[in-house]
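*Asks:* Mind looking over this structure? Questions follow.
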Amino acid sequence: MASQAPVEAKTQGVRRAQAAQTEAALKQAALVVFARSGYLNTKIVDITREAGRSAGSFYTYFPGKEALLEALLTDLLAEADGQVGQAAHSEDFSDRAAVRWHVATYWDFAKHHRTVLAALQQAATIDDEFARRVHELTRADRGHMADHLRVAQQQGVRLPGDPDVVALAIEALISTFAERCLGPKSQDLEHPLTDDEAIETLTSFIAGGIGIRD
(Lines give C-alpha, C1' and ligand atoms only; values in the text may rest on other atoms or scores of the structure.)
Protein backbone atom coordinates (compact mmCIF):
# COMPACT_ATOMS: atom_id res chain seq x y z
CA MET A 1 0.00 0.00 0.00
CA ALA A 2 2.81 2.40 0.86
CA SER A 3 4.22 2.10 -2.66
CA GLN A 4 0.99 3.54 -4.09
CA ALA A 5 1.39 6.86 -2.25
CA PRO A 6 4.00 8.36 -4.61
CA VAL A 7 1.88 7.30 -7.62
CA GLU A 8 -1.24 8.92 -6.18
CA ALA A 9 0.68 12.09 -5.32
CA LYS A 10 2.04 12.25 -8.85
CA THR A 11 -1.44 11.75 -10.31
CA GLN A 12 -2.85 14.51 -8.14
CA GLY A 13 0.00 16.78 -9.18
CA VAL A 14 -0.73 16.15 -12.85
CA ARG A 15 -4.43 16.86 -12.33
CA ARG A 16 -3.68 20.10 -10.52
CA ALA A 17 -1.37 21.17 -13.32
CA GLN A 18 -4.00 20.35 -15.94
CA ALA A 19 -6.64 22.24 -13.96
CA ALA A 20 -4.35 25.27 -13.70
CA GLN A 21 -3.69 25.14 -17.44
CA THR A 22 -7.41 25.01 -18.22
CA GLU A 23 -8.18 27.90 -15.89
CA ALA A 24 -5.38 29.96 -17.43
CA ALA A 25 -6.61 29.09 -20.94
CA LEU A 26 -10.12 30.27 -20.08
CA LYS A 27 -8.79 33.54 -18.68
CA GLN A 28 -6.62 34.17 -21.72
CA ALA A 29 -9.48 33.31 -24.06
CA ALA A 30 -11.75 35.72 -22.19
CA LEU A 31 -9.24 38.54 -22.76
CA VAL A 32 -9.20 37.80 -26.49
CA VAL A 33 -12.97 37.68 -26.80
CA PHE A 34 -13.56 40.72 -24.56
CA ALA A 35 -11.14 42.72 -26.73
CA ARG A 36 -12.84 41.54 -29.90
CA SER A 37 -16.52 41.69 -28.93
CA GLY A 38 -16.75 43.59 -25.65
CA TYR A 39 -17.69 42.14 -22.30
CA LEU A 40 -21.44 42.61 -22.65
CA ASN A 41 -21.59 40.88 -26.04
CA THR A 42 -19.47 37.93 -24.94
CA LYS A 43 -21.12 34.60 -24.16
CA ILE A 44 -19.53 31.84 -22.14
CA VAL A 45 -19.56 29.56 -25.18
CA ASP A 46 -17.51 32.20 -27.03
CA ILE A 47 -14.85 31.94 -24.31
CA THR A 48 -14.75 28.15 -24.23
CA ARG A 49 -14.63 27.97 -28.02
CA GLU A 50 -11.69 30.39 -28.08
CA ALA A 51 -9.96 28.36 -25.36
CA GLY A 52 -10.57 25.08 -27.16
CA ARG A 53 -12.42 23.66 -24.16
CA SER A 54 -15.87 22.15 -23.76
CA ALA A 55 -18.67 24.51 -22.76
CA GLY A 56 -19.33 22.53 -19.59
CA SER A 57 -15.73 22.80 -18.41
CA PHE A 58 -16.16 26.52 -17.75
CA TYR A 59 -18.36 25.93 -14.72
CA THR A 60 -15.74 23.72 -13.10
CA TYR A 61 -13.67 26.87 -12.54
CA PHE A 62 -16.12 29.78 -12.60
CA PRO A 63 -19.81 29.96 -11.66
CA GLY A 64 -20.36 32.60 -14.32
CA LYS A 65 -18.82 35.24 -16.58
CA GLU A 66 -18.73 37.77 -13.73
CA ALA A 67 -16.68 35.41 -11.57
CA LEU A 68 -14.12 35.01 -14.35
CA LEU A 69 -13.86 38.79 -14.70
CA GLU A 70 -13.45 39.12 -10.94
CA ALA A 71 -10.63 36.54 -11.07
CA LEU A 72 -8.92 38.59 -13.80
CA LEU A 73 -9.18 41.68 -11.60
CA THR A 74 -7.70 39.79 -8.65
CA ASP A 75 -4.75 38.77 -10.82
CA LEU A 76 -4.19 42.38 -11.89
CA LEU A 77 -4.35 43.68 -8.32
CA ALA A 78 -1.76 41.09 -7.26
CA GLU A 79 0.49 42.29 -10.09
CA ALA A 80 0.03 45.90 -8.99
CA ASP A 81 0.91 45.00 -5.39
CA GLY A 82 4.24 43.68 -6.61
CA GLN A 83 5.15 47.11 -7.95
CA VAL A 84 4.81 48.73 -4.52
CA GLY A 85 8.06 47.12 -3.41
CA GLN A 86 10.08 48.75 -6.18
CA ALA A 87 12.94 50.99 -5.11
CA ALA A 88 11.47 54.02 -6.92
CA HIS A 89 8.29 53.83 -4.88
CA SER A 90 7.92 56.64 -2.35
CA GLU A 91 5.14 57.20 0.18
CA ASP A 92 5.70 60.95 0.43
CA PHE A 93 3.10 62.73 -1.68
CA SER A 94 4.53 66.09 -0.71
CA ASP A 95 7.14 65.23 -3.36
CA ARG A 96 5.98 65.71 -6.96
CA ALA A 97 8.28 62.91 -8.10
CA ALA A 98 6.39 60.47 -5.85
CA VAL A 99 3.09 61.56 -7.37
CA ARG A 100 4.49 61.19 -10.87
CA TRP A 101 5.75 57.66 -10.13
CA HIS A 102 2.27 56.58 -9.07
CA VAL A 103 0.63 58.24 -12.08
CA ALA A 104 3.13 56.64 -14.47
CA THR A 105 2.69 53.24 -12.84
CA TYR A 106 -1.09 53.40 -13.17
CA TRP A 107 -0.88 54.70 -16.73
CA ASP A 108 1.32 51.77 -17.74
CA PHE A 109 -1.05 49.42 -15.91
CA ALA A 110 -4.11 50.88 -17.67
CA LYS A 111 -2.40 50.75 -21.06
CA HIS A 112 -1.49 47.08 -20.77
CA HIS A 113 -4.73 45.96 -19.13
CA ARG A 114 -7.32 48.18 -20.78
CA THR A 115 -9.33 45.16 -21.95
CA VAL A 116 -9.98 44.05 -18.37
CA LEU A 117 -10.58 47.61 -17.17
CA ALA A 118 -13.10 48.22 -19.95
CA ALA A 119 -14.85 44.93 -19.14
CA LEU A 120 -15.04 45.88 -15.46
CA GLN A 121 -16.66 49.19 -16.33
CA GLN A 122 -19.20 47.53 -18.61
CA ALA A 123 -20.06 44.87 -16.02
CA ALA A 124 -20.43 47.44 -13.23
CA THR A 125 -22.75 49.53 -15.39
CA ILE A 126 -25.40 46.80 -15.56
CA ASP A 127 -24.83 45.01 -12.24
CA ASP A 128 -24.84 47.04 -9.02
CA GLU A 129 -23.77 44.05 -6.93
CA PHE A 130 -20.75 43.46 -9.15
CA ALA A 131 -19.91 47.16 -8.93
CA ARG A 132 -19.93 46.87 -5.13
CA ARG A 133 -17.62 43.85 -5.24
CA VAL A 134 -15.18 45.71 -7.49
CA HIS A 135 -15.29 48.66 -5.10
CA GLU A 136 -14.41 46.36 -2.21
CA LEU A 137 -11.62 44.61 -4.12
CA THR A 138 -10.00 47.95 -4.95
CA ARG A 139 -10.49 49.45 -1.48
CA ALA A 140 -6.94 48.54 -0.44
CA ASP A 141 -5.47 50.48 -3.38
CA ARG A 142 -7.43 53.58 -2.40
CA GLY A 143 -6.26 53.11 1.18
CA HIS A 144 -2.69 52.95 -0.11
CA MET A 145 -3.20 56.28 -1.88
CA ALA A 146 -4.88 57.83 1.17
CA ASP A 147 -1.94 56.79 3.37
CA HIS A 148 0.43 58.60 1.00
CA LEU A 149 -1.74 61.70 1.24
CA ARG A 150 -1.60 61.53 5.04
CA VAL A 151 2.19 61.51 4.81
CA ALA A 152 1.93 64.64 2.67
CA GLN A 153 -0.25 66.25 5.36
CA GLN A 154 2.43 65.49 7.92
CA GLN A 155 4.91 67.26 5.65
CA GLY A 156 2.75 70.40 5.65
CA VAL A 157 0.69 69.90 2.49
CA ARG A 158 -2.82 71.30 2.94
CA LEU A 159 -5.11 68.83 1.19
CA PRO A 160 -8.42 70.06 -0.25
CA GLY A 161 -10.32 67.46 1.79
CA ASP A 162 -10.17 64.25 3.79
CA PRO A 163 -7.37 61.95 2.49
CA ASP A 164 -9.81 59.11 1.77
CA VAL A 165 -12.04 61.43 -0.27
CA VAL A 166 -9.10 62.98 -2.11
CA ALA A 167 -7.76 59.49 -2.89
CA LEU A 168 -11.13 58.56 -4.40
CA ALA A 169 -11.10 61.74 -6.51
CA ILE A 170 -7.57 61.01 -7.75
CA GLU A 171 -8.51 57.44 -8.63
CA ALA A 172 -11.56 58.63 -10.58
CA LEU A 173 -9.54 61.31 -12.40
CA ILE A 174 -6.74 58.98 -13.50
CA SER A 175 -9.01 56.10 -14.52
CA THR A 176 -11.40 58.32 -16.50
CA PHE A 177 -8.56 60.20 -18.20
CA ALA A 178 -6.82 56.92 -19.09
CA GLU A 179 -10.03 55.48 -20.49
CA ARG A 180 -10.54 58.55 -22.66
CA CYS A 181 -6.96 58.66 -23.92
CA LEU A 182 -6.26 54.93 -24.26
CA GLY A 183 -9.65 53.50 -25.17
CA PRO A 184 -11.49 53.40 -28.51
CA LYS A 185 -12.56 57.05 -28.15
CA SER A 186 -8.92 58.15 -28.20
CA GLN A 187 -9.11 58.21 -31.99
CA ASP A 188 -11.57 61.10 -31.72
CA LEU A 189 -9.17 63.31 -29.75
CA GLU A 190 -8.24 66.50 -31.58
CA HIS A 191 -4.79 66.45 -29.98
CA PRO A 192 -3.76 62.88 -29.09
CA LEU A 193 -1.28 62.73 -26.21
CA THR A 194 1.90 60.74 -25.93
CA ASP A 195 2.27 58.66 -22.77
CA ASP A 196 4.73 61.17 -21.32
CA GLU A 197 2.43 64.11 -22.06
CA ALA A 198 -0.50 62.35 -20.43
CA ILE A 199 1.53 61.44 -17.35
CA GLU A 200 2.92 64.95 -16.99
CA THR A 201 -0.52 66.51 -17.40
CA LEU A 202 -2.07 64.26 -14.77
CA THR A 203 0.87 64.72 -12.40
CA SER A 204 0.69 68.52 -12.61
CA PHE A 205 -3.09 68.49 -12.22
CA ILE A 206 -2.98 66.25 -9.15
CA ALA A 207 0.02 67.96 -7.59
CA GLY A 208 -1.63 71.35 -7.96
CA GLY A 209 -4.92 70.00 -6.71
CA ILE A 210 -3.49 68.66 -3.47
CA GLY A 211 -1.38 71.73 -2.87
CA ILE A 212 2.15 70.69 -3.90
CA ARG A 213 4.28 73.59 -5.07
CA ASP A 214 6.90 72.87 -7.73
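*Asks:* Which one is farthest from the chain's Cα centre (by Cα) among residues in region 74-109 that are of a type in the set (Gly, Ala, Ser) and at pLDDT 90 or above?
*Replies:* Ser94
*Asks:* What are the residues in region 155-214 that are of a type in the set (Gly, Ala, Ser) and farther than 22 Å from Ala35 by Cβ, if any?
*Replies:* Gly156, Gly161, Ala167, Ala169, Ala172, Ser204, Ala207, Gly208, Gly209, Gly211 - these are the residues of region 155-214 that are of a type in the set (Gly, Ala, Ser) and farther than 22 Å from Ala35 by Cβ.
*Asks:* Anything in region 115-162 that is under 26 Å from Arg100 (Cβ atoms), over 12 Å from the mean Cα position of the chain (by Cα) and of a type in the set (S, T, N, Q)? List them, or say none.
*Replies:* Selection gives Gln153, Gln154, Gln155.
*Asks:* So, one more: Mind checking whether some residue in region 12-20 is modelled with pLDDT of 85 or more and not assigned by TED's automatic domain parsing to the domain that holds Arg142?
*Replies:* yes
*Asks:* Being part of a helix (DSSP H, G or I) and out of contact with any Phe, Trp or Tyr (no Cβ under 7 Å at 6 or more places or on another chain) narrows it down to one residue among Val165, Val151; which is it?
*Replies:* Within the list Val165, Val151, the selection yields Val165.
*Asks:* Six or more apart or on different chains, Cβ under 8 Å: which pairs go from a residue in region 123-151 that's surrounded by 14 or more Cβ atoms within 10 Å (Cβ to Cβ) to one that's part of a loop (DSSP other than H, G, I, E, B) and modelled with pLDDT under 90? Could you list them?
*Replies:* Final answer for the pair search is His144/Val84; Asp147/Glu91; His148/Glu91; His148/Asp92; Val151/Glu91; Val151/Asp92.
The values are calculated or read from the model by the stated rules, or taken from the named source; none is laboratory data. All values reported here derive from a predicted model rather than from experimental measurement. Virtual Cβ from ideal backbone geometry, glycine too; neighbours counted across all protein chains shown.
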